[in-house]
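Asker: Pasting a structure below so you can have a look.
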Amino acid sequence: MNTDVESTALLRKQTYDELTEVLSEADLRGVRECAERMLADLGAERQVRERTVMVAYGGGKDSAYMLAFVRAVQLLIAREYGDTFTMRVVTMRHAGMPYAVMANVDRSYQALRLYDDPDCELLLVDGNEVNPFHVDRPQSPEVVERNRTDILMTGHRTFADGRPTFCNACNFSVAAAFGLAAAYDGGVDMIVTGDSPQEQRSYFLWICRLARRLGVRLPERGESGSVSFGSVLSVIDDIAAAYFADIHGTGAKTEIAERRVEARVPRRLSFFTIYTDTAYASGDHWELLTGYLRFVFDDTAFNFTESDCANPALMAHLRALRCERLYGQRYADGLAEYVEFAINLMRGKQIPEYLIQVMRDRYAGPDAPERMRQAMNAYALDTFGITEEQLVAMVYSPFAERGLGLADYLRVEHPALAAQQERIVAVLNGQRDPDVEESLRAISGLRTDQLRTLYTSTLRPRSGELTGGAMVDLILEGDPHKRTVLTRQDPNGPAVPELISGR
């Protein structure tokens, strides 16, 4: 046995022994059962080395646990059969993913000794680029600009409601990253997921419903009657093309092309769920997460239901700005409204009570609203290049629906521009006026052609009620991350119901 083989065998033994100490007996039984099912599905007892299994690791608490579980399966198979599959671990990065998340990923890889195992491939997907993972790889300026534009263009259609503004485009990016990573360098044989068969079926039905509503093709079934992942990705690509044509305009060919979903994955690829083999509750795996994997619930990365994204805190900020600027409430009242909404979401996701208390404490106290306001303004500017003035413009959504809210917005926020409303409308209708265009760009963060697209686009009602024909709302139908809250849209008026969404 050569030195490299001996070294690999030793690091695998050390890692497996450590995992048996931090995983529960039930988890270890699940690891063994999972290994047997996975080998059977791969048909790989004798050719296991030729198989590649893909795991998505977004840097959050649940995916960290799944990574450790699949690593234990990989190591158990190596012990039992003398060889094992290649594990391809994929992280999809967007602009709202702080460095603290990359650091969590890096610490997990170190703890599980993935960097030193020749049968582990660690990939980072930035937009349409796939690269080896490196914790210090700079964020792509192209991805930041793409995320920024999606946020502004969608937020200006929904009064900056959290879920569509930040998550619609991101969900398509996740699908695109899956396709890219699954097709990369010869492709993979299997994708491991923690979703139950019922959840997978719900996703599939959601995709089919959207395809029917949009008039695009449905997933095709093969000779066996099953639907391949490539077929599903092709349909998602068609849906994404229709969605981004609506958001950015049918003439925005570059923007639409950049957001295509890769569907050329191997036909052999299958899905495999570990749902029946284990449980995700982070409270049950605290020592594994925070001890062994050294997972840190960082203040910038842990926000409400998410432990790998800072955008939910920006959603809270936008809700507070909306209550302050549109409804005449205090900023603190709007912030408190979102906090209660998001904590209910946390409980629905069975997030441990002590993590919920961390979130309550962060937003509690007389100084918290102003502290969070400053922090989120700095985050929006540093991450996306969006100023508070531009966030406020998104909250008003003054340009959509042929400038329905433009007069009120200018009167309250930019009285100096109110006298130029006719010139502004003329620009939105296609006339050139460099001075007005520069002013609009400064207050909105958008180019003139983007503002013109908004001008001819639909606007959701302030009530948050989903309008059946609007593209942004088709994506949200059936989404569980929304609630009706009671709020005062007039300081002297009654509390009225309003549908809000977020994370």
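Asker: Could you please let me know if ASP41 is in a helix (DSSP H, G or I), more than 22 Å from the chain's Cα centre (by Cα), free of Cβ contacts under 8 Å to residues at least 24 places away in the same chain and surrounded by fewer than 24 Cβ atoms within 10 Å (Cβ to Cβ)?
Answerer: On the way: in a helix (DSSP H, G or I): yes; more than 22 Å from the chain's Cα centre (by Cα): yes; free of Cβ contacts under 8 Å to residues at least 24 places away in the same chain: no; surrounded by fewer than 24 Cβ atoms within 10 Å (Cβ to Cβ): yes.
So ASP41 does not fit the description; no.
Asker: Being of a type outside the set (Gly, Ala, Ser) and out of contact with any His (no Cβ under 9 Å at 6 or more places or on another chain) narrows it down to one residue among ASP62, ASP126; which is it? So that I can check it myself, show each step before the final result.
Answerer: On the way: ASP126 fails: out of contact with any His (no Cβ under 9 Å at 6 or more places or on another chain).
Exactly one of ASP62, ASP126 is of a type outside the set (Gly, Ala, Ser) and out of contact with any His (no Cβ under 9 Å at 6 or more places or on another chain), namely ASP62.
Asker: Of the conditions (1) in contact with a helix residue (DSSP H, G or I) (Cβ under 6 Å, 6 or more places away or on another chain); (2) buried (at least 17 other Cβ atoms within 10 Å of the Cβ), GLU401 clears all except one; give me its number.
Answerer: The one condition GLU401 does not meet is (1).
Asker: Across the stretch 314-368, what is the number of residues that are outside any helix (DSSP H, G or I), farther than 16 Å from LEU486 by Cα and either at pLDDT below 95 or of a type outside the set (Phe, Trp, Tyr) (or both)? So that I can check it myself, show each step before the final result.
Answerer: Step one: filter the stretch 314-368 for residues outside any helix (DSSP H, G or I), giving 326-330, 349-352, 363-367.
Filter again for farther than 16 Å from LEU486 by Cα, leaving 349-352, 363-367.
Add one more test, that the residue is either at pLDDT below 95 or of a type outside the set (Phe, Trp, Tyr) (or both), and what stays is 349-352, 364-367.
Selection size over the stretch 314-368: 8.
Asker: Among the residues that make up the stretch 218-232, is at least one of them in a helix (DSSP H, G or I) and either within 30 Å of THR15 (Cα to Cα) or among the β-branched types (Val, Ile, Thr) (or both)?
Answerer: Of the residues in the stretch 218-232, the ones in a helix (DSSP H, G or I) are 229-232.
Now narrow it down to the ones that are either within 30 Å of THR15 (Cα to Cα) or among the β-branched types (Val, Ile, Thr) (or both): 232.
Checked the stretch 218-232: at least one residue is in a helix (DSSP H, G or I) and either within 30 Å of THR15 (Cα to Cα) or among the β-branched types (Val, Ile, Thr) (or both).
Asker: Further question on the same structure: Which one of these is under 25 Å from PHE271 (Cβ atoms), among the hydrophobic types (A, V, I, L, M, F, W, C) and in the same structural domain as PHE172 (by TED's automatic domain parsing): LEU10, LEU75? So that I can check it myself, show each step before the final result.
Answerer: Details: LEU10 fails: under 25 Å from PHE271 (Cβ atoms).
Answer to the check: LEU75.
Asker: With the checklist (1) out of contact with any His (no Cβ under 9 Å at 6 or more places or on another chain); (2) in contact (Cβ under 8 Å) with a residue 24 or more places away in the chain in hand, flag the one item ALA380 doesn't pass.
Answerer: (1)
Asker: Let me ask something else about it. Only one of LEU451, LEU446, LEU440 is part of a loop (DSSP other than H, G, I, E, B) and either farther than 30 Å from GLN350 by Cα or assigned by TED's automatic domain parsing to the domain that holds ARG157 (or both); which? Break it down stepwise before answering.
Answerer: Values: LEU451 fails: part of a loop (DSSP other than H, G, I, E, B); LEU440 fails: part of a loop (DSSP other than H, G, I, E, B).
Exactly one residue qualifies, and that residue is LEU446.
Asker: Mind listing just one residue for me: the one in the stretch 241-265 that is within 19 Å of the chain's Cα centre (by Cα) and over 19 Å from HIS156 (Cα atoms) and, of those, surrounded by the fewest Cβ atoms within 10 Å (Cβ to Cβ)?
Answerer: So the residue we want is ARG260.
Quick grid of which residues meet (1) charged (D, E, K, R); (2) in contact with a Cys (Cβ under 8 Å, 6 or more places away or on another chain); (3) farther than 19 Å from GLY249 by Cβ:
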| site | (1), (2), (3) |
| --- | --- |
| ARG360 | yes, no, yes |
| GLU422 | yes, no, yes |
| GLN431 | no, no, no |
| ALA442 | no, no, yes |
| GLY445 | no, no, no |
| THR458 | no, no, no |
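The values are calculated or read from the model by the stated rules, or taken from the named source; none is laboratory data. On a predicted model such as this, the values are computed, not experimentally measured, just so you know. Don't worry about glycine lacking a Cβ; one is built from the backbone with ideal geometry, like all the others, and counts go over all protein chains shown.
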